[in-house]
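Here's the structure, in structure tokens; my notes come after.
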Amino acid sequence: MTTPPRRGRLRPTRVAALLLLVVPILEVMALVGVGQVIGGWPTFFLLVAISVLGAWLIRLEGARAWGALVTALQSGRMPARELADGMLVLIGGTLLLTPGFLTDLVGFALVVPVTRPAARRLLEKVITRRLLAQTPFVGSEFGRSGFSGRVFPPAGAPGARGSGRDGRPGDDVIEGEIVDD
């Protein structure tokens, strides 16, 4: 069962399409503006220097992220932070290798270890919101205010509250109707 799209919220595909239209225009405006201030060749060499610096930084931070991931896996703990860092370095590296000053700014913010924790928190919020919105079944502890962490299987499923061994409802099932005020 699919839920109808919510009004007032942008879908990820629409955001991506909007970014694909707006970002190149802003990049060209920034390149022209910098070119008018410092000249064409210095602008070109600045872009090349930023790309070389970005490639070096990607290699350094990518190796660190990989090492942290391997360490987490060898210690037997869930590498959520390390996976998020690796993903941010990958996205930031892609932006750093894309010609343009605005994408380079965002790319550096995602790759540099000083600013990456803020980007990681934002990424965690987005992923959590998306996962909770797509969860097929949740108990009554899920409301508009948030998620308490308790997830229940659907009624009648094996292991559900009140279900017998064969999946039929047990004695403690109360038939009713939920009224949302």
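The values are calculated or read from the model by the stated rules, or taken from the named source; none is laboratory data. It should be emphasised that the depicted structure is a prediction, and the values quoted were computed from it without experimental measurement. For neighbour counting, all protein chains shown are included, and Cβ atoms are generated from backbone atoms with ideal geometry for every residue, glycine included.
Pairs linking a residue in the range 22-43 that is assigned by TED's automatic domain parsing to the domain that holds ASP104 to a residue that is outside any helix (DSSP H, G or I) and surrounded by 11 or more Cβ atoms within 10 Å (Cβ to Cβ), with Cβ atoms under 6 Å and 6 or more positions apart or on different chains, are GLU27/GLY100. The test for being loosely packed, with under 10 Cβ neighbours inside 10 Å and at pLDDT below 90 does not hold for ARG14. The residue of the range 36-52 that is farthest from VAL106 (Cα to Cα), among those that are surrounded by 11 or more Cβ atoms within 10 Å (Cβ to Cβ) and among the polar types (S, T, N, Q), is THR43.
Is it true that GLY76 is touching a residue at least 60 places away in the same chain (Cβ under 8 Å) and either out of contact with any Gly (no Cβ under 7 Å at 6 or more places or on another chain) or at negative phi (or both)?
Numbers: touching a residue at least 60 places away in the same chain (Cβ under 8 Å): no; either out of contact with any Gly (no Cβ under 7 Å at 6 or more places or on another chain) or at negative phi (or both): yes.
The answer is no for GLY76.
As a summary of the residue check, ALA80 satisfies the conditions (1) at pLDDT 90 or above; (2) under 27 Å from THR13 (Cα atoms) except for the one numbered (1). Would the range 99-108 turn up any residue that is in the same structural domain as VAL23 (by TED's automatic domain parsing), touching a residue at least 12 places away in the same chain (Cβ under 8 Å) and outside any helix (DSSP H, G or I)? Yes: the range 99-108 contains one or more residues that are in the same structural domain as VAL23 (by TED's automatic domain parsing), touching a residue at least 12 places away in the same chain (Cβ under 8 Å) and outside any helix (DSSP H, G or I).
Residues of the range 34-50 include at least one that is part of a loop (DSSP other than H, G, I, E, B) and either small (Gly, Ala, Ser) or over 20 Å from the mean Cα position of the chain (by Cα) (or both).
So, VAL126, is that one closer than 27 Å to ILE25 by Cβ and surrounded by 17 or more Cβ atoms within 10 Å (Cβ to Cβ) or not? Write out each step before concluding.
On the way: closer than 27 Å to ILE25 by Cβ: yes; surrounded by 17 or more Cβ atoms within 10 Å (Cβ to Cβ): no.
So VAL126 does not fit the description; no.
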